[in-house]
Structure formats: structure tokens, C-alpha cells
1. In region 146-182, which residues are assigned to a loop (DSSP other than H, G, I, E, B), of a type in the set (D, E, K, R) and within 17 Å of Glu196 (Cα to Cα)?
2. Could you check region 536-561 and list, in sequence order, the residues that are surrounded by 17 or more Cβ atoms within 10 Å (Cβ to Cβ), of a type outside the set (A, V, I, L, M, F, W, C) and at pLDDT below 80?
3. Kindly provide the set of residues from region 398-438 that are outside any helix (DSSP H, G or I) and farther than 19 Å from His363 by Cβ, ordered by number.
4. In this structure, does Ser219 turn out to be of a type in the set (Ser, Thr, Tyr), open to solvent by 40 Å² or more (accessible area, probe 1.4 Å) and at pLDDT below 95?
5. Looking at region 516-529 only, could you name the residues that are open to solvent by 40 Å² or more (accessible area, probe 1.4 Å), over 56 Å from the mean Cα position of the chain (by Cα) and farther than 18 Å from Ala470 by Cα?
6. Condition (residue is over 18 Å from Ala205 (Cβ atoms), in contact with a Lys or Arg (Cβ under 6 Å, 6 or more places away or on another chain) and not hydrophobic (A, V, I, L, M, F, W, C)) applied to region 124-145: is it met by at least one residue?
7. Quick one: in region 91-107, which of the residues that are among the aliphatic types (A, V, I, L, M) and outside any helix (DSSP H, G or I) is farthest from Ala181 (Cα to Cα)?
8. Scan region 500-515 for residues that are open to solvent by 60 Å² or more (accessible area, probe 1.4 Å) and assigned to a helix (DSSP H, G or I) and report the count.
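The values are calculated or read from the model by the stated rules, or taken from the named source; none is laboratory data. Small disclaimer: the values here were computed from a predicted structure and weren't measured. All Cβ positions, even for glycine, are placed from backbone atoms using ideal geometry, and neighbour counts span all protein chains on display. With ligands, DNA and RNA removed, areas are computed over all heavy atoms of the protein, side chains included. Shrake-Rupley method; radii C 1.70, N 1.55, O 1.52, S 1.80 Å.
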Amino acid sequence: MSMQTISLFIAATVLAFAGIDAGAATKEEAVTAPVARTSARAGGWRGDLDLQHWSTGTFHRDLVETIQNLSAAHGSERIGVMLDAAELYLTHMLLYETSSTLAGINPTLPDHTRRYVALSHAQTLLGGEAVSSFDASPLADPDRPDSAFWRALQAIAVGDVGMLNDNIEASFTGLGLQSRAVLRAMLPVFIEAAIETEHFRYAEAALKLMYELPDLDYSPTGYFLRGRQEERQGNNSSALTAYFEAAKGWDQYAARARLAVADMSLSDGTDGALLAAQSILADGLEAWRGGQHEVEILKRLARVLSARRDDVAGLLTLGKLIARFPAAKEAEVAKAEVQKLLEQLYSKGGEGQYALADWMKAHLKFLPFFRTLPDFARHTETFADYLLALGATDLAAKEFQRAIRLLQEVESAASETALQDLFRLNLKLATAQMRGGLPQDARTTLELMDVAPGPQNAQDHATIKASVLAELGDRQALLDTVVPTPSSDHQRRMAMALAEEGQWDKSRDILAEFWAQQPSAFSVQDATHLLIAANRSNDAQTRDRVIRAFPGLTNNKTLVELAESLSAEVPTLLLLSHDQAAARLDKLDEAFESIKNSGISP
């Protein structure tokens with residue numbers, strides 16, 4: 001069959017449904033002429049369903065007459081009138097009204113039952129849904145000249161490519177036997193079906209028929225279908241031109257055109273193509289909201305942004321998808337992708353690969369979308385750790401507090417893992433507060449937090465608490481704090497606190513133990529304090545041992561000389577005169593203070 005023959009054939013069938021002779025009708029008449037109304041219903045297949053029975057331009061009059069007939073009808077005649085009403089609605093593609101009318105019908109006669117089934121199945125198929133057991137439907141009857149039309153709709157609904165291929169050519173004949181409203185609604189569907197099954201000649205002829213319907217032809221529908229035809233035939237430049245034109249609209253075909261541009265751009269992979277796709281998809285987010293089309297637009301935009309290495313914008317796009325469509329299967333896939341991308345982004349941030357201002361801005365943008373994800377508290381902790389390392393103690397404290405709140409919002413916050421995490425975060429918060437000059441806040445944090453089980457946790461908590469108490473000058477609380485394995489810093493703090501309390505023996509013992517256990521960490525300042533404590537506690541042996549060790553603790557000659565000046569032997573202090581003894585003690589005190597306050601580097 002030649003292209004011209006196919007074109008004339010389809011044009012003839014479309015014109016025939018309008019009751020116009022194909023050889024004589026003008027384009028104007030083809031579009032505007034009404035269907036001639038039959039005075040009585042025909043038998044055969046038309047008795048089951050005939051969408052040309054009702055006139056195109058007399059809906060109001062036909063509806064009024066049907067309602068009047070319904071008020072006068074009784075019994076089975078009433079059911080017949082209601083079936084007429086359903087068919088009238090269906091003729092004009094009023095699918096909701098059709099379904100509502102059919103819901104009120106309970107047919108009993110065989111003819112009424114068959115017609116009811118035909119109308120119900122037609123309403124379902126025209127609504128884009130499949131019919132169960134379609135082969136037994138009156139619409140699948142081989143005697144119906146439009147059965148291929150209905151079979152094609154069933155194939156589209158169930159995604160049966162083989163069935164669609166078997167019926168697509170003949171379906172155009174059946175399309176010509178439907179009402180004008182059905183034609184307008186279904187013509188784009190069948191054009192696209194012909195394109196996807198590579199019946200390009202039929203698709204081209206049907207596209208030409210759209211010239212008779214300018215509101216379709218010059219709408220996103222027409223541009224999209226022409227773009228799809230060009231793309232499927234490898235004419236990408238022409239396809240893009242049509243798609244861009246279609247994308248200017250606001251309907252589903254405009255949304256699909258944006259998706260088509262994105263797919264072609266992703267396939268192309270060049271930055272210019274990706275940038276164009278990003279622009280058209282971003283505009284499309286406002287042009288179309290809701291349903292699967294928005295889901296797909298968000299998915300494509302995230303892919304485009306990822307291809308352009310725009311990690312933050314890509315994550316935010318996936319966040320919008322999750323927030324707007326939480327129950328969609330795509331949301332679960334997006335969550336998995338988001339968690340992977342967040343892990344990468346915060347790891348890079350922790351390594352200093354992002355400017356702090358950019359990372360902070362991104363982090364705050366992520367919060368509304370990802371705060372409920374299980375790992376986001378951990379990512380917040382990573383950010384807070386980075387801030388603390390930079391010395392931004394106030395910001396770090398706020399982020400540690402945020403991480404604590406996020407973790408507490410998780411349902412499993414009472415689990416052992418969560419308890420350990422909360423303990424760690426509170427310790428970090430107290431550290432940030434301490435370093436930020438807020439020791440009282442740090443003390444409050446430490447006193448209110450729960451200490452997670454485990455000896456190391458008790459050790460860490462006590463160590464930080466002791467440093468905070470020392471900073472606050474609360475000597476008694478510090479002395480009451482038990483640190484299982486004291487650090488050198490803690491031993492120093494305890495020795496100083498005991499010295500300030502006048503407990504020189506205990507201060508000396510702690511410093512002596514520190515010296516014995518960690519000699520490499522024992523400094524000249526520690527030796528000075530031990531020397532003073534030994535002197536105050538009248539421990540001459542320890543005092544002399546420290547003095548002898550001074551040359552090994554410092555290279556500062558002045559400090560060594562001061563220490564050695566204390567080592568002059570006195571035969572018996574009791575035999576000295578009062579004046580000599582007083583002078584000796586004064587000399588010792590002066591030497592201790594000189595060593596303690598010398599300010600000379602060791």
C-alpha cells in the first residue's frame with residue numbers, strides 16, 4: 001500500500017465517522033459537521049455499543065430527552081434508557097459521568113447485560129485501564145469492525161507489544177468509527193502507538209490528520225508527537241526542535257517533552273546539552289506538579305545535575321522527590337542514592353575539599369529534607385568535628401546539639417548503639433563548650449548526660465569533667481572526681497588542687513607517682529611543684545632527689561643554679577642559731593618562688 005493510499009484511507013475513515021463524503025467534504029466541513037442521529041438503535045454490534053449513535057453537536061438536547069424518557073420509563077425499559085444515558089456520556093468522553101451512571105444499573109435481560117458489559121469495558125479502556133478477561137468482552141467480538149481499536153487500547157493498557165503490533169494498523173479503521181470526542185482523545189494515543197511500534201507511515205498519515213484539529217496540532221501534544229516521530233527515525237535535531245516547542249506548554253505532553261530532551265541530553269553527555277536539559281527540567285518543576293510525570297522530571301533532573309558534578313543541587317532534587325512522593329517506589333531508590341551521596345559529600349567536606357561557607361550553606365539546605373534519615377545525625381557530627389578542629393567552637397557546639405536532637409528523634413534512640421552515640425556527642429559538646437570559654441555550660445552538659453555503659457566511657461567522662469572543674473576552680477568537686485586511669489594532665493590538676501588546699505603530702509605523693517610512672521612526660525614545671533610540695537611536707541629526701549634531677553629536666557642554667565642553691569648541706573638545723581635558721585628558711589622560700597615564678601622556658 002503506497003503512502004498516498006494509506007493517507008487517503010485514514011482520512012476517509014475519519015471523515016466517514018462524521019457522515020461526510022470524503023471526496024466532497026472540505027476541511028472546514030470535516031471538522032465542524034455533526035454526526036447524523038439515528039432515529040432508532042440498530043441491532044448487531046451497534047446494539048452493544050455505538051459511539052456514533054449520538055449527534056456531536058446536540059449533547060444538551062439529547063441529555064434532556066434522555067432524562068425525560070427516564071422519568072416516563074418503567075422496569076426493563078428504564079434500564080435501557082439508563083444505558084442510553086451512559087452511552088451518551090461516553091460518546092462525549094465524560095468518563096466519570098459514565099461510570100457513575102453504570103454504577104446505578106443492575107441489568108437482568110441478556111441484551112441489557114451484554115450492552116452494560118460493553119459500555120463498562122469501553123469506559124475502562126478509554127480511561128487508560130485494562131479489562132480483565134478481555135477476550136470474552138463484547139468489544140473483542142470479531143464481528144465488530146472496530147474490535148482492533150479496542151484490542152489496541154487493551155494492549156496499551158497491559159503493555160502487550162505483540163498484541164499492539166497485531167492490531168495497530170486495523171485500529172485506525174476502528175478509530176474512524178468512534179465519536180469526535182473519542183477521536184480527539186484517542187488520536188494522539190494511537191499516533192504514539194504507531195510510532196513506538198515503528199509503523200511510521202501510519203503515524204505520519206495520522207499526524208497530517210491533526211492539521212484538521214489546529215488546537216491539537218499546534219499544542220504540546222502535536223509538537224511532542226512530531227518530535228517523537230523524528231527521534232525514532234534518528235532525526236535528533238528536528239526532534240529537539242519539536243520537543244523544545246512542546247516544552248513551552250503546561251500539560252502532560254509538555255512534561256513528556258522535557259523528559260525527552262533530558263534523555264537525549266544525557267545520551268549526548270556534552271556540558272552544553274546537559275545545561276540545556278537542566279534549564280528545561282528546572283522550569284518544568286513549576287509547570288507540572290503531581291503524578292508520575294513530576295516524579296520522572298525530578299529523577300531526570302537529579303541525573304543531569306549528577307552528570308554536571310553539581311552534588312548539592314542533585315541531592316536537593318532527590319530530597320524534593322522523597323518529600324513530595326514518600327510512598328512512591330522511586331522514593332526508596334532515591335533514599336538509597338541520597339545516603340550514598342551524603343556519605344561522599346560529608347567525607348569530602350571533612351577532608352577540606354569544600355569551602356566552609358559552601359558546606360555550611362549546603363548542610364542547612366539538607367536539613368529539611370534529610371533530617372529523618374538514619375545517618376544524618378552522623379553527618380552532622382562530621383560537620384561539627386570539622387568546625388571544632390577549625391576552632392569555631394560556638395558553631396561546633398550548635399551542630400553537636402543538633403546532632404543530639406536528630407538522634408533523639410530516631411525511633412531506635414533507646415538502643416545500645418544510640419546510647420553510645422548520644423554519650424559521644426555529649427562529650428564532644430562539652431569539649432566544644434569548654435574550648436569556647438563556657439566551662440559552666442560544659443559542666444551542665446556533663447552533669448545532665450547519661451554515661452553509657454563501659455569502663456572507657458566512665459574514664460572519658462571523668463577526665464573531661466575534671467578538666468572542666470579545674471577550669472571553674474571548684475577544687476573540692478575536682479578532688480571528689482574519681483578518674484580510673486588518670487592522665488598526666490589530670491595528675492597535675494589534682495596535685496595543684498591539693499597544694500592549694502594545703503594538703504602537701506597528697507600533692508607530693510601524686511607528683512612522685514606521676515614521675516615514676518611517666519618520666520618522659522615529667523616536666524621542669526612538674527619538678528618545681530614536686531620540689532615545693534616536698535619542702536612544705538618536710539620531705540628532705542624527695543626534695544634532694546628532685547634537686548639532683550634538675551640538670552636533666554632543663555637546659556636553663558638559671559633554673560639549675562636556683563635548684564642547686566638549695567642543696568647546701570646544713571649539719572644540724574637544730575644547732576643553728578635562731579637568726580641562722582630563719583635566714584636559711586627565707587633562702588629556701590625565695591628559691592622556691594624564683595623557680596616557680598621565673599617565667600624562664602625550661
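1. Our first condition is that a residue be assigned to a loop (DSSP other than H, G, I, E, B); within region 146-182, this holds for 146, 159-160, 176-179.
From what is left, the residues that are of a type in the set (D, E, K, R) are 146, 160.
Passing the criteria: only Asp160.
2. Across region 536-561, the qualifying residues are Arg543, Thr554.
3. Just the residues of region 398-438 that are outside any helix (DSSP H, G or I), to begin with: 410-415, 436-438.
Across region 398-438, the qualifying residues are Glu411, Ser412, Ala413, Ala414, Ser415, Gly436, Gly437, Leu438.
4. Numbers: of a type in the set (Ser, Thr, Tyr): yes; open to solvent by 40 Å² or more (accessible area, probe 1.4 Å): no; at pLDDT below 95: yes.
So Ser219 fails the test.
5. Hit for region 516-529 is Ala516, nothing else.
6. Just the residues of region 124-145 that are over 18 Å from Ala205 (Cβ atoms), to begin with: 124-145.
Restricting the remaining residues to those that are in contact with a Lys or Arg (Cβ under 6 Å, 6 or more places away or on another chain) gives 138.
Narrowing further to those that are not hydrophobic (A, V, I, L, M, F, W, C): 138.
Yes, there is a match, as at least one residue in region 124-145 is over 18 Å from Ala205 (Cβ atoms), in contact with a Lys or Arg (Cβ under 6 Å, 6 or more places away or on another chain) and not hydrophobic (A, V, I, L, M, F, W, C).
7. The first filter runs over region 91-107 and keeps only residues among the aliphatic types (A, V, I, L, M), leaving 93-95, 102-103, 105.
Checking which are outside any helix (DSSP H, G or I) leaves us with 93-94, 105.
Values: Met93: 6, Leu94: 9, Ile105: 24 Å.
Selected residue: Ile105.
8. Initially, region 500-515 is screened for residues open to solvent by 60 Å² or more (accessible area, probe 1.4 Å), giving 500-501, 503-506, 509, 513.
With the extra rule that they be assigned to a helix (DSSP H, G or I), the set shrinks to 500, 504-506, 509, 513.
So the count comes out to 6.
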